1. Across the stretch 208-260, what fraction of all alpha-carbon pairs, as a whole percent, falls in each successive 10 Å bin from zero upward?
2. So how do 194-204, 102-112, 52-62 stack up, highest first, on mean other-Cβ count within 10 Å?
3. Given the peptides 80-87, 12-19, 35-42, arrange them by the average over their residues of other C-beta atoms within 10 Å, most packed first.
4. Determine the calculated [θ] at 222 nm for the chain from helices alone, applying -39500 (n - 2.57) to every DSSP H run no shorter than 4 residues and normalising by the residue count; nearest 500 deg cm²/dmol.
5. What percent of all Cα-Cα pairs in the stretch 4-149 falls into each 10 Å bin, going from 0 up to the bin containing the maximum distance?
6. Let me know the volume per residue of the alpha-carbon convex hull for the stretch 66-159, in Å³.
7. Alpha carbon centre of the stretch 136-184 versus the stretch 1-42: separation in Å?
8. Could you do me a favour and compute the accessible area per residue for the stretch 81-134, 1.4 Å probe, result in Å²?
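The values are calculated or read from the model by the stated rules, or taken from the named source; none is laboratory data. On a predicted model such as this, the values are computed, not experimentally measured, just so you know. Cβ sites come from the backbone with ideal geometry, for glycine too, and all protein chains shown count toward neighbours. Just the protein is used for accessible areas: all its heavy atoms, side chains included, with ligands, DNA and RNA removed. Shrake-Rupley method; radii C 1.70, N 1.55, O 1.52, S 1.80 Å.
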Amino acid sequence: MKKKIGKIVFAIVILAFLLIQVYPIIWLFMASVKPTIELSTTPFALPKVVTFENFIKVFSDGKIGIYMWNSLKVTGISLILIIFLSSTVGYALSKFRIRGKKQIYKFFTFGIMVPVQITLIPLFIFYSKMGILNTSFSLILPQVGFALPLAVMMFVSFYDFVPDELVEAAIVDGCNPGVTFIKIVFPLARNTIITIASMYSILIWNDFIFANTFISDNNAKTIAVGLKDYIGAFGNVDWGRTYAAIAVSIIPPILVYFCLNKYVTAGMTMGATKG
């Protein structure tokens with residue numbers, strides 16, 4: 001009886017946490033299909049009339065398409081660079097005999113402790129002098145730089161569990177270190193790759209601080225900054241259009257999370273046990 005009561009209480013607690021997490025998303029999508037008048041009178045009630053006029057308004061001006069394309073471009077290029085650099089650096093630190101290897105690894109781990117905020121002014125001055133403000137490169141560079149420390153640590157942790165005998169056998173068979181990495185070691189890190197890709201794709205897609213600091217041109221804005229455009233003069237907001245734009249902007253991260261969730265869990269727990 002005690003075990004049954006405990007299970008029931010546990011289920012209720014989990015269900016409560018689930019509702020707390022899911023309710024804002026459900027409410028957002030309900031609000032996005034409500035007429036503006038309904039939002040001002042009964043914002044928390046179920047929609048009496050379902051309308052897609054808000055979505056039509058959002059897509060009619062064409063801005064959100066540009067913003068989402070810019071976010072997709074920054075996210076995609078950043079992920080490719082993060083995975084390429086962190087996987088190769090992690091492989092070298094784990095499997096190669098390099099002088100000062102521990103110091104190099106400590107240098108990367110130190111990067112985790114650097115706050116993003118203290119780099120904004122120096123980066124802004126540097127970008128201004130280099131003439132790369134309002135470009136995708138100004139967002140990609142800091143995203144890659146701040147993601148590398150943790151990504152390198154995750155790859156090093158994984159490669160440490162890859163037997164050295166596997167690498168040595170490939171070299172004996174005639175593979176050079178590059179071929180050994182590409183054909184044997186890198187494919188084994190699939191879960192780690194997916195974990196890093198899914199984690200940083202959501203973070204980069206939702207980034208506001210870098211985009212708000214380095215981007216002012218409408219044609220270069222990402223979706224996180226572009227959502228500010230739905231605030232009119234004197235703070236007037238078309239809430240229906242705003243909720244529709246937010247709903248469109250969160251669809252890609254939600255899809256990434258649900259499609260890759262099991263791989264992320266496997267990647268995060270890999271290496272926790274051995275044997």
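1. 21, 42, 31, 5, 0
2. Per-residue Cβ counts within 10 Å, averaged per peptide and sorted highest first, yield 194-204, 52-62, 102-112.
3. 80-87, 35-42, 12-19
4. -23000 deg cm²/dmol
5. Each 10 Å bin holds this share of Cα pairs: 9, 19, 20, 23, 20, 7, 2.
6. 110
7. Each part reduced to its Cα centre gives a spacing of 42 Å.
8. For the stretch 81-134, the solvent-accessible area averages 70 Å² per residue.
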